[in-house]
Every structure is written in C-alpha cells, then in structure tokens.
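The next block holds one structure in the form of structure tokens; read it before the comments.
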Amino acid sequence: MATTPDRFVLPAESPPELRRWVEQVASRTRPERMHWCDGSEAEYRLLIRQMLASKELLELNPATHPGCYLHRSHPSDVARVEHLTFVCSESQEDAGPNNHWMAPAEARRKMDALFDGCMRGRTMYVIPYCMGPIDSPYSRCGVEITDSAYVAANMKLMTRIGSAALARIAGDGSFVKGLHSIGELDPERRFIMHFPESLEIQSYGSGYGGNALLGKKCHALRIASWQARCEGWLAEHMMIVGVENPAGDIHYIACAFPSACGKTNLAMLIPPGSMPGWKIWTVGDDIAWLHPGPDGRLWAINPEAGYFGVLPGTNAKTNRHAFEMIRRDTIFTNVGVTADNQPWWEGLDQGVPVTDWQGRPFDPARGPAAHPNSRFTVSARQNPSYSPMADAPQGVPISALVFGGRRRALAPLVFQARNWRHGVLVGAAMASETTAAATGDVGVVRRDPMAMKPFAGYNFGDYWQHWLSMADRVPRLPGIFHVNWFRRDAAGRFLWPGYGENLRVLAWIIDRCQGRGAADETAIGAVPRRDALNLAGLNLPDATVSELLSMDATQWRKEAEEIGAYLEGFGSHLPEGLRSELGDLRARLK
Ligand code: OXD
Ligand code: MN
C-alpha cells in the first residue's frame with residue numbers, strides 16, 4: 001500500500017487511533033487535498049462558495065430565501081437504498097432476517113476495491129461529530145471521512161461537528177469510524193455497509209442523505225441500536241416532543257412512525273384554535289436515544305442538531321414552523337424552481353414551477369416538479385418551536401411512547417397498550433404503507449416493527465428481547481400507545497383531519513398517563529370514549545368518529561394470524577414473552 005502523502009498535516013490534538021485511521025484511508029483513497037472540519041461558520045461559508053463554483057449548489061433567490069441553496073442530486077440517487085444496505089456482523093444470525101447480511105471479510109474486500117484511489121483529484125473532508133449535546137453522558141461520537149462537500153455542509157447543519165467534538169473524542173477514547181465516497185454515483189457500484197462489532201460504517205456510490213450523512217441513519221440508528229443493546233439503552237426512530245398544557249406543565253412524548261409518515265410535522269405542530277394555551281416544543285424530529293434515568297424514568301436525548309425533512313406537502317397550513325424556518329439558511333435538495341428562482345414543491349400553495357428537480361423545463365406530463373422525496377436540511381435552532389431542552393445533557397423524561405403507521409383500515413385513531421409487554425408486541429406488530437423515502441414501490445403495506453425495519457442494526461428477535469428487558473431496568477416505564485392518522489373511508493378519503501388536530505389525541509394520551517382519560521377496554525387495548533377526546537369545533541359526523549374509534553374483531557383476528565406468521569420468521573430468536581403476549585391477544589379476540 002502506498003504511504004500517505006506527507007503534505008497532509010494531521011491536527012496534533014487528534015487522538016493517535018484517529019490519526020492512524022485517517023492515514024490508512026488517505027493511503028487507500030489517494031485524495032488531492034485533506035480538510036479537517038472545525039465546524040466554524042467561516043468554514044461553512046467556504047464550503048458553500050466552493051460548491052457554488054463547482055455548480056454542486058445553485059443559489060436561490062437571496063431576497064426571498066437568504067442563505068438558501070439548491071442541490072440537484074444524480075437522478076438515480078434520490079432515496080435510501082435498502083437493498084444495497086448491509087449489516088456485516090461476524091455471524092449472520094446476529095444481523096437477523098430483517099437485514100441484508102454480508103460476511104465482514106467479503107464486505108471489506110468489496111469496499112477496499114471500490115475505495116481504492118477513489119478520491120484522486122478530490123478533497124477528503126475529515127468531520128469529527130458528536131451525536132447529542134457535547135456535554136451529555138448519553139452522547140456518542142464519530143468521525144466521517146467523505147469526499148463530498150455537500151455531505152460536509154449537511155453534517156454541519158445536522159450534527160455538532162468540529163473542534164468540540166474532536167476534544168470529546170480524545171476524551172472518550174472510542175468513536176464510530178464512517179468512511180464515505182460518492183464514487184461514480186453509479187447504482188451498480190453502490191453499497192452501504194455496517195460493521196457493528198467494530199463500530200464502522202463504509203458507504204460508497206451515493207450522495208443521498210440517509211446513505212451519505214453517516215451520523216444519521218447509519219450511526220444514530222444502525223450502529224447505535226447495537227451499542228444500545230450492549231450498554232442497556234435504546235436507539236429509536238422516534239421524534240421527541242414536549243406538550244405544554246394551559247397550566248404550563250410539559251409532558252414529553254416520543255413517537256415512532258416510519259419515514260415520511262409525519263414525524264417532522266407532529267414535532268412542530270401548531271395547536272388548533274380550539275385549544276388555546278397549549279404549546280408544542282420540538283426536541284427532535286427523527287431519532288431518540290432513550291436511557292434509564294437516575295429517577296427510575298426513561299429519559300431521551302435527540303442525537304441530531306438539525307432536520308433533513310420531506311418537502312412535498314409542507315406549507316404554512318400543514319407545518320407553519322417548518323415553512324418559516326426554511327425561508328433562510330437552508331439547503332434544498334431536488335426541488336423545482338420558480339421563474340424568480342424560489343424553491344418549489346408539490347403542496348406549496350404559492351408560486352409556479354418553471355424548472356423541475358432535474359433542471360429541465362417543468363412539464364407535468366413528465367411527473368412532479370419536485371422529487372417526492374425532495375428534502376430540506378436546516379439547523380434545528382431555526383425552528384420557532386425549538387425546545388431549549390434539546391441541549392440538556394440529561395435529556396427529557398418520557399411520559400409516553402407512541403407507535404404509528406400509515407394504514408387505510410384496521411387500526412383505530414388511537415389505543416393504549418395494556419402494559420409494557422403488550423406495548424412491545426404493539427410496536428413489533430407495526431405495519432405501514434411504504435413511502436418515497438426509500439427506493440422501491442410506494443403504498444405497499446409492510447411490517448415495520450417500531451418503524452425500525454430499515455434501521456435496526458441487529459436481529460429483530462434480539463431487539464424485541466432487549467425492549468422487553470427494559471421492564472427490569474426502568475421502574476417507572478412510560479405508557480405505550482398506537483395511533484393511526486391515515487384511516488380512510490370507503491371512498492378513500494381520510495377520516496381524521498390530522499396535522500394540528502393531532503394535538504387532541506396527544507392530550508388524551510397525556511390524560512391517560514395521569515390516570516385520567518376515559519376509555520373502553522377492547523381486545524387490542526384501551527380505545528378512548530368519544531367524550532374523552534376533545535373534538536370541539538371539528539364538526540366530524542358521528543359515523544366518522546365511530547369508524548375512527550372502531551375495532552373490528554374479524555379483521556383483527558386475521559391481523560393476529562399475520563403478525564404470528566411474521567414473528568415466527570425470527571425462529572429461536574423470538575422472545576417467549578412476545579409469543580405468549582400474542583397468544584393472549586388471540587384469546588381476547590376469540
Ligand atoms: C429519514 C428517513 O430521512 O427516515 O429520516 O428516511
Ligand atoms: Mn427517519
């Protein structure tokens with residue numbers, strides 16, 4: 001192997017293990033230049049200037065959208081690629097049937113060949129980052145090496161990068177090693193590999209967020225879920241929100257919904273006019289790390305510091321806070337553009353696109369102006385409902401965990417699990433219609449346990465056992481609930497108005513956590529009595545409310561059979577606790 005070009009100066013304050021790894025990577029990838037990110041504003045501006053010069057970014061209208069830029073990705077590189085994402089644990093059983101697996105030695109051979117010389121003529125960015133507040137005992141650090149300035153700029157907005165993270169890494173002694181190259185952006189030469197046992201990620205051939213911003217899905221979910229199991233905590237695909245009632249009490253709720261099912265909107269919800277005095281505080285919109293706290297409750301931090309949100313459907317009515325926060329200092333990816341150079345996406349109720357996400361004159365016959373998975377990247381601090389508790393080292397205490405999916409039938413608007421073990425079954429049995437966040441068919445119902453199908457870094461059977469074991473670690477566990485905002489009538493119309501009105505459901509959930517909130521006990525759990533839900537001013541017909549809160553035992557018996565068949569696919573890894581919980585559900589449904 002060739003040696004590292006000695007013109008690269010590695011910062012003296014970087015720990016020896018990091019320097020050795022950076023040298024090894026540089027020897028293999030042969031970059032022209034090396035840049036260690038310090039996380040400063042000046043550095044961010046420099047990255048932007050360079051990308052404007054190289055046309056990786058285009059400036060948007062500075063009068064309407066100051067500091068905003070458009071990135072057009074390669075048209076084949078617009079979403080996560082689950083079929084090219086692998087968990088490379090030593091044993092295939094540890095990855096489980098829920099993951100694609102490759103033997104670590106084979107994966108390394110494959111990736112070494114791809115990375116060989118791949119950064120020739122390019123700059124190698126070394127990005128030390130911290131997932132979570134720098135001073136939190138629950139945070140974990142990593143370093144991403146990448147040849148993409150777009151990735152470096154996005155990591156700056158999404159995580160805490162630079163000198164403070166480097167200092168923490170030197171103190172921690174261990175960090176996740178993430179190596180990324182956009183390669184040739186060739187779908188035939190694209191892999192996202194995870195090596196949980198050695199805390200490594202290798203990603204080649206894609207510049208798309210979930211494949212390339214390695215702190216997010218790859219570290220904070222796949223690798224962290226493995227770390228969490230080893231260390232006794234949970235890394236989950238959950239948003240975290242503080243719900244303040246008119247008396248000023250704040251309850252924190254963490255919700256797991258699959259990608260593009262409304263986590264960001266719920267995290268920034270604007271209370272409806274009929275609920276004066278209520279307020280929402282956003283702690284996180286995508287990922288929660290949950291730890292047993294010293295007071296016996298479950299506490300959560302958001303490991304991220306920014307949002308990588310879905311644009312289509314975002315407007316001043318559906319998500320006013322998001323709409324406001326992306327008017328400045330935002331990177332837009334794969335949106336259309338108006339004649340006066342403003343970003344445009346489907347669902348934006350103003351402006352007319354003239355150019356589509358691929359830079360072609362917009363022609364509706366060719367499809368939407370913005371890609372259905374077009375995104376914004378923005379610092380969380382720009383969110384008007386940003387919670388100062390997002391920076392609290394101890395995190396926030398969680399009153400309720402909520403699971404939910406996109407299901408046109410079956411699941412009522414909301415129900416509460418009977419207890420923790422039943423709640424784990426409710427999470428494990430989750431199913432949802434697929435969305436544009438991953439390549440593949442959209443709208444197909446698939447099992448997505450705890451919204452972690454694409455993100456659990458190990459065998460789901462062991463993961464559920466780990467969830468069950470939290471009952472021994474956390475004496476004051478939160479209640480577990482299930483919601484479905486997406487139920488439709490026979491004509492395909494949504495039964496529930498959603499968006500800000502979802503606060504009505506959160507208010508019932510909080511009531512239940514405080515021993516209030518009337519409910520009917522059904523076979524699947526406690527469903528609100530209609531008068532326990534605040535429906536004032538909604539003008540929902542009685543029949544609609546009945547349908548929203550209905551539980552059809554015949555449909556659920558069929559569902560229980562399907563859940564059983566799915567769970568049994570995990571063979572000897574399926575915890576006995578879940579099997580017997582499902583048996584109890586079947587018996588209640590008889
Ligand atoms: C995301 C996703 O980007 O879940 O958050 O795909
Ligand atoms: Mn997500």
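What longest range of the chain stays clear of loop-exposed GluC sites (Glu not before Pro) (DSSP non-H/G/I/E/B, at most 14 other C-beta within 10 angstrom)?
My reading of the result: 185-590 is the longest stretch.
Take R586 and Q50, extend 7 Å from each Cα along the Cα→Cβ direction, and tell me the distance between the two endpoints in nm.
Computed distance between label sites R586 and Q50 equals 6.0 nm.
Taking 0.36 nm per residue of sequence separation and subtracting the Cα-Cα distance, how much length would be gained by fully extending the chain between D363 and R381, in nm to one decimal?
2.8 nm
Compute the long axis of helix 163-172 from its Cα atoms, compare it with the longest principal axis of the Cα atoms of the chain, and write down the angle in degrees, 0 to 90, nearest 10.
80 degrees
Considering every Cα-Cα pair within the range 42-163, what fraction, in whole percent, is farther apart than 22 Å?
Everything past 22 Å amounts to 56 percent.
Grab the Cα-Cα distance for S572 and D38, subtract it from 0.36 nm times how many residues apart they are, and report the gain in nm with one decimal.
Full extension of this stretch gives 187.5 nm more.
Between D542 and Q514, what is the label-to-label distance in nm when each label sits 7 Å out along the Cα-to-Cβ direction?
Reported label-point gap for D542 and Q514 is 3.1 nm.
Return the Rg/Rh ratio of the chain with Cα-based radii and a Kirkwood Rh.
0.96
Using only protein heavy atoms and a 1.4 Å probe, report how much of H83 is accessible, in Å² to the nearest 10.
110 Å²
If you take every DSSP beta bridge whose two residues both sit in the chain, what share of them, in percent to the nearest 5, is antiparallel?
Percent antiparallel among DSSP bridges in the chain is about 65.
Out of the DSSP beta bridges found with both residues in the range 37-164, what percent are antiparallel (nearest 5)?
Bridges in the range 37-164 are about 85 percent antiparallel.
What do you get for the angle between helix 576-589 and the principal long axis of the chain? Use alpha-carbon atoms, 0 to 90 degrees, nearest ten.
Helix 576-589 sits roughly 40 degrees off the main axis of the chain.
Calculate what fraction, in whole %, of the accessible area of the chain sits on carbon and sulfur atoms when a 1.4 Å probe is rolled over the protein chains.
Carbon and sulfur together cover 51 percent of it.
Please compute the modelled spin-label separation between A490 and D441, points set 7 Å along Cα→Cβ, answer in nm with one decimal.
Modelled inter-label distance: 2.6 nm.
Taking only protein heavy atoms into account and a 1.4 Å probe, give the accessible area per residue of the chain in Å².
In whole numbers, the chain has 36 Å² accessible per residue.
Give the lysines reachable from K216 as a straight Cα distance under 18 Å; neighbours fewer than 8 places away on the same chain don't count.
Qualifying lysines at Cα under 18 Å: K156, K177, K263, K453.
What is the Å³ per residue value for the convex hull set by the Cα atoms of the range 308-381?
About 81 Å³ per residue, rounded to a whole number.
Quick one: P(r) of the range 1-85 from all Cα-Cα pairs, 10 Å bins, percents rounded to integers, in order of increasing distance.
Percent of Cα pairs in each bin: 13, 28, 32, 23, 4, 0.
Please give the FRET efficiency for R579 paired with Q350, using the beta carbon to beta carbon distance and R0 = 56 Å, rounded to the nearest 0.05.
Approximately 0.55, to the nearest 0.05.
On a 0 to 90° scale, report how tilted helix 41-54 is relative to the longest principal axis of the chain, with both axes built from alpha carbons and the result rounded to the nearest 10.
70 degrees
Taking the full set of protein chains and a 1.4 angstrom probe, give the accessible area of K558 in square angstrom, rounded to the nearest 10.
We get 130 Å² for K558.
Give me the percent of DSSP beta bridges within the range 160-300 that run antiparallel, rounded to the nearest 5.
So the antiparallel bridges in the range 160-300 amount to around 80 percent.
Run the helix sum for the chain: -39,500 (n - 2.57) per DSSP H stretch of 4+ residues, divided by residue count, reported at 222 nm to the nearest 500 deg cm²/dmol.
-8000 deg cm²/dmol
Under the rule a/c < 1.5 gives rounded, and otherwise a/b versus b/c splits prolate from oblate, where does the range 315-460 land using the Cα gyration tensor?
Oblate, because a/c is 1.5 or more while a/b does not exceed b/c.
The values are calculated or read from the model by the stated rules, or taken from the named source; none is laboratory data. Fair warning: this is a prediction, and the values are worked out from it, not measured in the lab. Ideal geometry is used to build each Cβ from the backbone, glycine not excepted, and the neighbour counts take in all protein chains shown. Remember, those area values only see protein heavy atoms, side chains included, never the ligands or the DNA or RNA. Shrake-Rupley method; radii C 1.70, N 1.55, O 1.52, S 1.80 Å.
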